[in-house]
Amino acid sequence: MQNLIDNFFSYTITGLTIGAVYALIALGYTLVYGVLRLINFAHSEVFMYGTFAALWVVMILGGHPGAGVGQVIFWVAMMFVAAMAMSGLIAVLLERVAYRPLRKRNAPPLIALISAIGASFVLAEIMGLRSRIVGWVGLDDTLRDYVRNSRNNAGLPTIIQPQPIFTIGGYHVTNVDIFVIVGAIVIMVILDQFVKRSRLGRGIRAVAMDPEAAALMGVNRDRVIQVTFLVGGVMAGAAAVFYMLKIGITRYDAGFILGVKAFTAAVLGGIGNLRGALLGGFVLGLAENYGSAVVGSQWKDVVAFVLLVLILLFRPTGLLGESLGKARA
Amino acid sequence: MRSTLKFAVPLAVAALALGACGTKGGDTTTPAASGGAAACGNYKIGMFGALTGPNANLGIYIQNGVNLALDDYNKKHADCKVTLENYDSQGDPTQAPALAKKAIDDKKVVGIVGPAFSGESKAADPAFNEAGLVTITPSATNPKLADNGWKTFFRALGNDATQGPAAAKYIKDTLKSTKTFVIDDASEYGKGLADIVRQDLGSQVVGNDTIQQKQTDFSASVTKVTSSGADALFFGGYSPEAAPMIKQLRDAGWKGTFVVADGVKDQSFIDNAKEAAEGTIITCPCVPPDVAPAFQAAYKAKYNEDPNTYSGEGYDSATILLDGIAAGKDRASMVDFVKAYDKKGVTKQLKFDAKGESADIKVFAYKVENGKIVSVGEIK
């Protein structure tokens with residue numbers, strides 16, 4: 001406990017940083033749940049593909065430590081482009097292959113859930129076996145660096161050297177910390193405005209509120225669902241970039257734990273609620289760090305899930321507890 | 001009638017033996033042996049360890065050594081070759097018992113090199129002991145493994161009861177650390193080793209933490225280490241966690257020395273941690289490649305790289321089993337053969353004490369310099 005008090009700001013800032021990543025991934029769960037009443041369990045893989053896209057684009061561009069500011073900004077911008085494109089693509093593909101055929105046949109939700117879990121395994125294993133897949137198509141010479149040790153960690157070169165910007169309560173807040181936290185909040189605000197003001201956003205809210213009435217009013221449901229998956233995927237892509245900048249290492253199964261945590265964050269904040277996902281992500285990141293400080297890092301996940309159970313006991317709909325349709329967000 | 005039977009029976013037996021020699025259960029890498037088949041047992045040795053998964057490098061380094069030993073043997077015994085059967089545990093203790101059963105059920109398997117890690121050894125070795133199938137581990141270093149009274153357990157390297165104190169000695173005497181932080185990964189191997197280091201360093205340990213395997217975000221541990229003012233950090237665990245850990249510590253501006261053990265002595269640690277890995281000290285009861293130049297040359301000729309962590313130990317372990325096969329031993333008599341073994345191997349004098357521990361033990365320190373793991377000498 002003394003350790004937590006002494007280093008309160010350190011635990012808080014680092015908790016917010018990882019919480020921002022949770023929050024961005026949680027958006028994907030929440031958006032899809034809002035319009036389909038379905039937990040997209042393959043969303044963790046959408047995130048994982050984003051981390052690899054971010055890594056590969058830096059490798060292609062020859063990213064290295066100690067580059068100038070302009071160069072670094074270019075690399076990071078390309079990471080966003082690549083990761084968002086990759087994650088958005090995978091999410092749309094997922095909807096097309098794993099969900100739409102089921103929806104057309106009016107399958108019960110449980111079937112879609114199983115389809116989601118299956119899709120998750122397929123996506124993770126494709127990444128885990130990428131060296132062999134590349135071998136089959138005969139590209140192993142050209143792509144060797146990208147597929148090496150395909151079941152092992154893959155690390156991003158340190159393109160942004162963390163520099164302390166200012167000190168708060170003994171903790172040196174670095175440029176990476178600020179970038180991740182501020183960046184995540186900015187992206188959230190943009191999304192919030194998108195859902196609130198744009199035509200597509202209105203469509204999303206309409207389908208979430210009442211799919212049949214929305215269809216009667218001329219909203220193309222399939223298109224709205226596709227856009228929802230795309231937006232969720234793009235958010236996961238952004239999360240992937242922040243994750244790679246902060247953690248720097250990914251693996252074919254990296255999505256699993258992050259996915260579970262982000263799902264927890266979504267439920268914690270109130271699933272179906274965009275602002276809830278943001279709140280849930282930050283609360284979860286903080287709770288994990290505080291818990292690790294007080295009872296030891298090996299209890300990190302236990303703290304997170306005990307918190308979830310407690311909140312659901314007293315507030316079954318989560319902290320903010322509204323659905324996408326009802327909330328104006 | 002009777003005379004034909006007399007003639008037919010040995011013929012049938014010989015034919016059976018020939019036939020058995022020709023079929024090689026699914027193994028396509030080795031051509032079927034032929035000729036002189038009557039005495040050939042078609043024996044196999046098993047390689048038990050992580051060959052895929054995040055810790056696969058450590059398993060593959062061993063497997064390379066084992067394959068080299070097999071090549072040597074099969075060159076000399078072209079008429080009765082021994083084949084390798086792989087048991088890929090991915091280093092996961094939960095997969096180990098089923099694989100152990102598979103190895104035991106295959107009566108052609110006369111000995112196992114492995115299990116490679118301590119956790120899987122603990123899970124699989126009781127079954128091997130019960131079945132009387134000898135195991136020589138080239139890499140599992142948890143000391144308690146030898147205390148179970150398993151008759152089939154042999155260890156071709158020093159255990160953490162020697163590695164731990166050596167690491168502690170290095171931290172104290174060479175690094176001259178006064179404030180040391182100790183982290184373990186709660187695994188059989190990592191925790192065992194970290195506990196020994198904690199005990200040996202005593203009051204200079206300024207803080208402890210335990211992480212989980214597969215964890216990637218170490219922000220809480222990083223805060224604990226940096227706020228403790230530690231000038232050295234010992235981590236008992238494997239490279240998938242060590243790489244992100246040191247990266248995040250360096251990102252947070254921590255300047256101390258990172259000390260790890262054999263579980264991290266793997267090129268993927270450097271590939272992933274990149275510049276953050278520089279200066280890391282790695283202790284290992286494994287000999288540097290230049291100790292056995294002939295082995296180093298043969299390894300390099302086959303794999304186009306220097307022998308790596310436990311390649312030599314893997315070679316030695318396999319050689320013991322192959323010598324047993326050459327001496328006509330089968331699964332049952334192999335245990336006593338290994339127990340009595342006393343020959344010079346590429347890494348050390350190969351001889352085991354009553355508990356199956358290696359009698360000749362050395363611990364070396366390595367350092368990460370310019371993206372390579374280089375030896376900085378024996379820790380005495």
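The values are calculated or read from the model by the stated rules, or taken from the named source; none is laboratory data. Note that the structure is predicted; figures quoted are calculated from it, not measured. Positions of Cβ are backbone-derived with ideal geometry, glycine not excepted, and every protein chain shown enters the neighbour counts.
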Members of the stretch B:75-99 that are surrounded by fewer than 18 Cβ atoms within 10 Å (Cβ to Cβ) and closer than 17 Å to B:K302 by Cβ: B:K75, B:K76
Strands (runs of 3 or more DSSP E) wholly inside the stretch B:205-311 that include at least 3 residues being over 23 Å from the mean Cα position of the chain (by Cα): B:205-210
The stretch A:120-133 residues that are at pLDDT below 90, paired with ones that are of a type in the set (F, W, Y) (beta carbon under 9 Å, 6 or more apart): A:G128/A:Y252; A:L129/A:Y252; A:R130/A:F52; A:R130/A:Y146; A:R130/A:Y252
Test: B:I282 is closer than 20 Å to B:V374 by Cα, away from chain A (no Cβ under 13 Å) and touching a residue at least 24 places away in the same chain (Cβ under 8 Å): yes
A:R103, sole failed condition from (1) out of contact with any helix residue (DSSP H, G or I) (no Cβ under 6 Å at 6 or more places or on another chain); (2) under 20 Å from A:L278 (Cα atoms): (2)
Residue satisfying all of: in the stretch B:130-150; surrounded by 19 or more Cβ atoms within 10 Å (Cβ to Cβ) and out of contact with any Asp or Glu (no Cβ under 9 Å at 6 or more places or on another chain); farthest from B:D336 (Cα to Cα) among these: B:L133
Tally, over the stretch A:54-91, of residues that are more than 25 Å from A:T264 (Cβ to Cβ) and either of a type in the set (D, E) or in contact (Cβ under 8 Å) with a residue 24 or more places away in the chain (or both): 19
Only listed residue being more than 13 Å from chain B (Cβ to nearest Cβ) and not small (G, A, S), chosen from A:F314, A:F256: A:F314
Residue in the stretch B:357-369 that is part of a loop (DSSP other than H, G, I, E, B), surrounded by fewer than 20 Cβ atoms within 10 Å (Cβ to Cβ) and more than 18 Å from the chain's Cα centre (by Cα) present: no
Verdict on A:M48 being closer than 18 Å to A:S120 by Cα, part of a helix (DSSP H, G or I), within 14 Å of chain B (Cβ to nearest Cβ) and touching a residue at least 60 places away in the same chain (Cβ under 8 Å): yes
The one condition in (1) more than 10 Å from chain B (Cβ to nearest Cβ); (2) in a helix (DSSP H, G or I) that A:N40 fails to fulfil: (2)
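Being within 14 Å of chain A (Cβ to nearest Cβ), part of a helix (DSSP H, G or I) and of a type in the set (F, W, Y) is true for just one of B:Y61, B:Y73. Which residue is that?
B:Y61
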